[in-house]
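The values are calculated or read from the model by the stated rules, or taken from the named source; none is laboratory data. Worth saying up front: this structure is predicted, and the values here are computed from it rather than measured. Here Cβ is always computed from backbone atoms with ideal geometry, including for glycine, and neighbour counts include all displayed protein chains.
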């Protein structure tokens, strides 16, 4: 069998997560229309986006339940990429 | 039979490959995650380019051209395709090929719907004066979303191949194409869109 | 006793062109890479000799400016992508599975695909000489020079050729990482792997993370040239500096990719020819990893004269000085390995010691580049040309030639001639230094690079002449090398399994190894496990050769199911031919309908190759 390990989400979990993602998306779309939130719009949207990203990676892509090595490989890629492009854009004073 | 592994590529401290199904699967999954690591840099560079040029509109249209409600709908469609994909993978793991095929077809259809939405959106933008040669903003927007679309199309093609192989009873965990690996690719393409949707469409800073 | 063909499950054909076209054996693929590398070294070398002939005297008339621009561009592209990358790939392909006790790499067909894509891409790039003109914008292809001249296809060969080569290297790198992380023999933990394997892990990750970035840049050049893109169009407020960033974010890690495998080879050779373990194994490994991480933080040191501002310049200058530290650590470890050892100065050792000395010189000139104000003087002068040739030729080439002399016996079962090897080394050493040492002086004296001629009376004449003489001496030394390869292959002394009394697992099997590498997979208990099967240690810590009785039976894996090797396949070459054809179509996409025609053919062939590959089982069953 190709299942990775003992803890394994069920279809029910997947449906619930999908629902949570849909709700989060709806909230995200509403945020730019709420003037009150203008000063915190960017951090809020980035936080939501990051949360959705991590959720899909951890649950749908199974990374939470899988071998640690996969997490390290992907995690190092994400961290280096983010830092690298922040540095690059800073040189352009574009950030 | 013991196989060699080192801490981080071991399962629960066991080195016996039976604990994680077959070692070939572990090798393939490692390769897929490494490949996805490279794709992080590919899309990262295009997103960085877009961020550099987000205001460089050369007198042409800028972010005001976006139709947030429409793109929200297509984004939702792609997000849900991750659900159908993980359900497909789940079905194949339980050896229910028929159920798996149904969810795979669903995923492919949602993916095609997303692509149709992209094409519609692009034709609208072209009519409104934003092309790849209008401005650096235009070039970087179309390059980023265009390559993303190509990746989605590639994913749909792979899903089609999985369905075909399954119908000919040539889909099994050990050889031929691997549903779990295609699923990883598909989810990745989805999360890239989550990032693009947030940074390009919603943030508009 | 070697396994019989029935055990393998099928009878592999080993003779004839078809067996090479369909091979998925990592050893054969390694040989294909090595032969290709040597052939293109001759091509790149001829390009260099033409350049040096033009520059031998002031106001040279051997080459026009246009021809000169194409030649120095192709010389750089050829040497980096068609010589050094493939020779590293050759050694990695051949020896990684052997060194970790595996029977092949993780994805044998992907391995073959990567080779064929490499070959077709380099052929596409080289065909530019005859079909439309070669790239002429330097190997760095700076915009807007690379994007604005659209009357010729030249830089389209550049943007597509480099892109395709990137795919090939990416495929190879993913393969190596998957192999090394998941297919090691039992007991071979990460800290018991040979240094060469570690260096391959690091260089593979460098490629995996950096190639996509230049991939984006190259697509941007393509889009600007062919689809009206404005990425680098200053008139539309595009910024050509973006290209420089994207290029060097790849380009800097790339130079570590070129040198790390050579670091690995040298770390294998020194212990064997000093009869001492590598000094500070973990330091060597961790400094390699440090170089990998830091290598992503220094790229803009190639851009100190681009006007980035003092903060960026100071930051990158500092990071560049930092990266000298782990490299220095390695050099001390190599010297420490030799110190107190019983040294044998055979050819592999000569080239290795030459490597250390020459790389050190190149490294030092590199540190002078890190000093930002000095860099302003050095940039785009011959001082830079001297620096990178010291590290890439004095370093990488010497290291890979050392590897050739070291591993030739394992590949062929025969020893290379020591006498010719010594002639090879000394002529190459003298020729190399004669070529490139004067270029430090030329650079500091103001001679610009990438310029097809220089005026009389600049004081540059004698150094240029010396440099040209040296270049011809290098060519002569390579004649010795090639002669040695051919003559030794035919008539060299029979080598046996372990001619050098080696420490790593490849020496435990036959020369050359059987297709399945090992009759029995070893179980590993130490770093340098093979050494400890041969030698024990006495009370004073000295190595004592074990008798057969003392050595006992080697600890091996018991395989109940027999050995199943993957079957040959022709889909890799088909798929790679398809992708290369797609590339050729893109090169000519703006030249009329022919581009679209070629694109169509490429798409069909690619689809055939990919679908056939997916449908084909990896291992053909015997019945």
Filter the helices (runs of 4 or more DSSP H) completely within region C:513-622 down to those with at least 1 residues that are free of Cβ contacts under 8 Å to residues at least 40 places away in the same chain, within 12 Å of chain B (Cβ to nearest Cβ) and surrounded by 14 or more Cβ atoms within 10 Å (Cβ to Cβ). C:593-615
Does residue C:249 satisfy the condition of being surrounded by 22 or more Cβ atoms within 10 Å (Cβ to Cβ), touching a helix residue (DSSP H, G or I) at 6+ places or on another chain (Cβ under 9 Å), more than 10 Å from every other protein chain (Cβ to nearest Cβ) and modelled with pLDDT of 95 or more? no
Go through (1) within 20 Å of residue B:186 (Cα to Cα); (2) within 14 Å of chain C (Cβ to nearest Cβ) for residue B:139 and report which single condition fails. (1)
Exactly one condition in (1) buried (at least 24 other Cβ atoms within 10 Å of the Cβ); (2) assigned to a helix (DSSP H, G or I) is false for residue C:329; which is it? (1)
Residues satisfying the stated conditions in region C:364-392, i.e. closer than 22 Å to residue C:91 by Cβ and in contact with a helix residue (DSSP H, G or I) (Cβ under 6 Å, 6 or more places away or on another chain): C:389, C:390, C:391
Does residue C:263 satisfy the condition of being within 11 Å of another protein chain (Cβ to nearest Cβ), closer than 25 Å to residue C:394 by Cα, within 23 Å of the chain's Cα centre (by Cα) and assigned to a helix (DSSP H, G or I)? no
If we take region B:92-205, then helices (runs of 4 or more DSSP H) inside it with 1 or more residues that are out of contact with any helix residue (DSSP H, G or I) (no Cβ under 7 Å at 6 or more places or on another chain) are B:97-127, B:136-167
Among the residues of region A:46-84, write down those that are in a helix (DSSP H, G or I), crowded, with 18+ Cβ neighbours inside 10 Å and more than 7 Å from chain B (Cβ to nearest Cβ). A:48, A:55, A:59, A:63, A:80, A:84
Hey, any hits in region A:34-45 for a residue that's at pLDDT below 95, surrounded by 15 or more Cβ atoms within 10 Å (Cβ to Cβ) and more than 8 Å from chain B (Cβ to nearest Cβ)? yes
State yes or no: is residue A:35 more than 15 Å from the chain's Cα centre (by Cα) and over 20 Å from residue B:39 (Cα atoms)? yes
Would you be able to tell me the number of residues in region B:182-205 that are in contact (Cβ under 8 Å) with a residue 24 or more places away in the chain and either closer than 17 Å to residue B:84 by Cβ or within 7 Å of another protein chain (Cβ to nearest Cβ) (or both)? 14
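Being under 19 Å from the mean Cα position of the chain (by Cα), closer than 19 Å to residue C:90 by Cβ and within 11 Å of another protein chain (Cβ to nearest Cβ) narrows it down to one residue among C:196, C:205, C:209, C:167; which is it?
Only one candidate passes the filter, namely C:167.
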